[in-house]
Amino acid sequence: MVRILYISEYFVDMTEQETIELHKANLLFRGKLLESEQLSFDTISNCLPGWLHLNRLTDFGLVYISSSMENSLQKTSEEVKKEGPAFLDTITHTETKLRAVPLLTKLLVYDDESEVISFPQMIRTTIDQNYMPYYTAARISKKFSCTICQTIPFTALEINNNDLAHEYRPHLNKFRQFQSLTKREKEILKLIYLGETSKSMSEILNISYHTIRTHRKNIHKKLDAKRLNDLMRVAGIFYPF
């Protein structure tokens, strides 16, 4: 199935999977900028399609919702935060909860801030409306003790804004490769980006120098990086400091 995305004054063909991956990549990139305080919540909310929201790690209750989500739900961030997980019960379909909670729980157990998951949801903005299909991308943020989530109506997946496609489509292949790294490999890639040597990484992670070297070889292979500079360029995409 091919989706047509409107980009400026011309069209770009993208598959449905590419579109979903684009939004997952966007959430990861924007979230890193948010955590490094290079962008504010309001700025990110304004440049993301759909809704941006933060959910508690303990019970997944909402603690922050973007202005676009406030308008759709006709509630403020403070109101939904006060209502806690009970509010989610009023807007999400039972089948959605059965699907989403195990996925989010698995994400917490895996405990990798660079891992992004996505799943469909059936949501209604008010209790007197019908449920409509949405798609949510989510990742952990230890800095905020929340999951950072972006929820988009299925219909909006067909139309993408200029900045998203221009900025992130070239990185889709690297995003796929990055997501194939194990949690440990991502830790090592980040340390490489911070200038640590294999010897210092061995001490930091309390694993042998030989194991570090093996991980580095696997990282090079998975990211199709032949030189250290290639690794640094990829790491710079995913670890903006």
Being among the hydroxyl-bearing types (S, T, Y) and in contact (Cβ under 8 Å) with a residue 40 or more places away in the chain is the filter here; which residues of the range 15-63 pass it?
T19, S36
Members of the range 49-68 found to be surrounded by fewer than 20 Cβ atoms within 10 Å (Cβ to Cβ) and farther than 17 Å from S145 by Cβ, listed by number:
P49, S67, S68
Test: residue in the range 77-88 that is among the polar types (S, T, N, Q), at pLDDT 90 or above and surrounded by fewer than 17 Cβ atoms within 10 Å (Cβ to Cβ)
no
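Filter the range 91-100 for residues that are surrounded by 13 or more Cβ atoms within 10 Å (Cβ to Cβ) and among the β-branched types (V, I, T) and give the result.
Scanning the range 91-100 gives I91, T92, T96.
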Kindly provide the set of residues from the range 103-136 that are of a type outside the set (K, R) and under 25 Å from I188 (Cβ atoms), ordered by number.
L107, L108, V109, Y110, D111, D112, E113, S114, E115, V116, I117
Select the helices (runs of 4 or more DSSP H) contained entirely in the range 172-225, then report the ones holding at least 2 residues which are farther than 22 Å from K32 by Cα.
198-205, 209-222
Could you grab the pairs with beta carbons closer than 6 Å, sequence gap of 6+ or different chains, first residue in the range 105-132 and closer than 20 Å to F238 by Cα, second one modelled with pLDDT of 90 or more and among the β-branched types (V, I, T)?
L107/I117; E113/I140
Restricting attention to the range 69-82, and to residues there that are in a helix (DSSP H, G or I) and free of Cβ contacts under 8 Å to residues at least 12 places away in the same chain, which single residue is nearest to the chain's Cα centre (by Cα)?
E70
Could you grab me the full set of residues in the range 66-76 that are polar (S, T, N, Q) and touching a His at 6+ places or on another chain (Cβ under 9 Å)?
S66
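Within the range 226-241, track down each residue that is outside any helix (DSSP H, G or I) and under 20 Å from the mean Cα position of the chain (by Cα).
Y239, P240, F241 - these are the residues of the range 226-241 that are outside any helix (DSSP H, G or I) and under 20 Å from the mean Cα position of the chain (by Cα).
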Within the group T126, T136, T155, which residue is buried (at least 19 other Cβ atoms within 10 Å of the Cβ) and assigned by TED's automatic domain parsing to the domain that holds G31?
T136
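The values are calculated or read from the model by the stated rules, or taken from the named source; none is laboratory data. Since this is a predicted model, take the numbers as computed values, not measurements. Here Cβ is always computed from backbone atoms with ideal geometry, including for glycine, and neighbour counts include all displayed protein chains.
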